[in-house]
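The values are calculated or read from the model by the stated rules, or taken from the named source; none is laboratory data. Being a predicted model, the structure only gives us computed values, none of them experimental. Cβ placement follows ideal geometry from the backbone for every residue including glycine, while neighbour counts extend to all protein chains displayed. The area values use the complete protein model at the heavy-atom level, side chains included, leaving out ligands, DNA and RNA. Shrake-Rupley method; radii C 1.70, N 1.55, O 1.52, S 1.80 Å.
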Amino acid sequence: MKLGSRLTAVDLQNRVLEVGGSREALQAVLAVIARGGMPVYDERLGISKAEFGKYLAFQPLLIPTGKTVKLPVTRDASRVTFLDSPALSVLRGLSFDLRTGEVRIPEGFTIKPVSITPSSAPDRTLDIKQAFIWNMKAYNASTQNGVSGQLWLYHLTSGQVVIGYKRMSMIKGIPNDGDLMIAYQR
């Protein structure tokens, strides 16, 4: 997966109809947005150019890349650990405690999750059922290990699970960085 965005008009239609703006101008703007283009302000909308800009937003979007990979893990009753894989090397050594949600990373640190309340807005891009984020900022001068990054896990109502990981790290003074986003169906 990769993260993209698309332009959307949030409540523009309601506002234009509320002020008695032109339906034809509104339909033209919405048609441009639907094709993925950037609409041009039209004064027939009945709102100011500044107000028009407030109703346009870039909405995050998960885009499938079409690549499939085997997700190598070991699992026991309380822990899932990612193994080495050329396509998923950034996940190597990550270990989830299934009881507490804590993540142990190869740099030698353990990070607690933060539960995120998903949006229930009708215009949300992803229908997230449950979400967790692990914010990683740690450094140990004696081992020269450190990490700065973020790991996130989204459980969508469709049953799909999305894992994203972006980090810069150092093990024994050797820097390493990486990022990825993968999705799998339960």
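Scanning the stretch 25-47 for residues that are acidic (Asp, Glu) and either assigned to a loop (DSSP other than H, G, I, E, B) or surrounded by 15 or more Cβ atoms within 10 Å (Cβ to Cβ) (or both) returns a single hit, ASP42. Only one entry of GLY101, GLY178 meets the criterion of being part of a loop (DSSP other than H, G, I, E, B) and within 30 Å of GLN59 (Cα to Cα), and that entry is GLY101.
Return a yes/no flag: does the stretch 115-137 have any residue that is in a strand (DSSP E or B), out of contact with any Leu (no Cβ under 9 Å at 6 or more places or on another chain) and exposed (fewer than 13 other Cβ atoms within 10 Å of the Cβ). Within the stretch 115-137 (the criterion being in a strand (DSSP E or B), out of contact with any Leu (no Cβ under 9 Å at 6 or more places or on another chain) and exposed (fewer than 13 other Cβ atoms within 10 Å of the Cβ)), the answer is yes, since at least one residue qualifies.
GLY149 passes every criterion in (1) closer than 19 Å to LYS2 by Cα; (2) in contact with a Leu (Cβ under 9 Å, 6 or more places away or on another chain) apart from (2).
What's the total number of residues in the stretch 69-89 that are out of contact with any strand residue (DSSP E or B) (no Cβ under 7 Å at 6 or more places or on another chain), assigned to a loop (DSSP other than H, G, I, E, B) and over 20 Å from VAL162 (Cβ atoms)? The total comes to 3. From the residues in the stretch 140-159 that are open to solvent by 50 Å² or more (accessible area, probe 1.4 Å), in a strand (DSSP E or B) and in contact (Cβ under 8 Å) with a residue 24 or more places away in the chain, which one is farthest from ILE171 (Cα to Cα)? Filtering the stretch 140-159 for residues that are open to solvent by 50 Å² or more (accessible area, probe 1.4 Å), in a strand (DSSP E or B) and in contact (Cβ under 8 Å) with a residue 24 or more places away in the chain, the one farthest from ILE171 (Cα to Cα) comes out as TYR154. When GLY93, GLY66 are screened for being exposed (fewer than 10 other Cβ atoms within 10 Å of the Cβ), on the phi > 0 side of the Ramachandran plot and either not in a loop (DSSP other than H, G, I, E, B) or not basic (Lys, Arg) (or both), only GLY66 passes. Just checking, does the stretch 79-87 include any residue being crowded, with 16+ Cβ neighbours inside 10 Å, out of contact with any Ser or Thr (no Cβ under 6 Å at 6 or more places or on another chain), among the aromatic types (Phe, Trp, Tyr) and touching a residue at least 24 places away in the same chain (Cβ under 8 Å)? Looking for residues that are crowded, with 16+ Cβ neighbours inside 10 Å, out of contact with any Ser or Thr (no Cβ under 6 Å at 6 or more places or on another chain), among the aromatic types (Phe, Trp, Tyr) and touching a residue at least 24 places away in the same chain (Cβ under 8 Å), one finds none in the stretch 79-87, hence no. Here is the figure for the stretch 1-24: residues that are of a type in the set (Gly, Ala, Ser), under 17 Å from LYS54 (Cβ atoms) and not in a loop (DSSP other than H, G, I, E, B) total 1. Among all residues of the stretch 48-62, there is none that is in contact with a Ser or Thr (Cβ under 9 Å, 6 or more places away or on another chain), surrounded by fewer than 13 Cβ atoms within 10 Å (Cβ to Cβ) and without any contact (Cβ under 8 Å) to a residue 40 or more places away in the chain.
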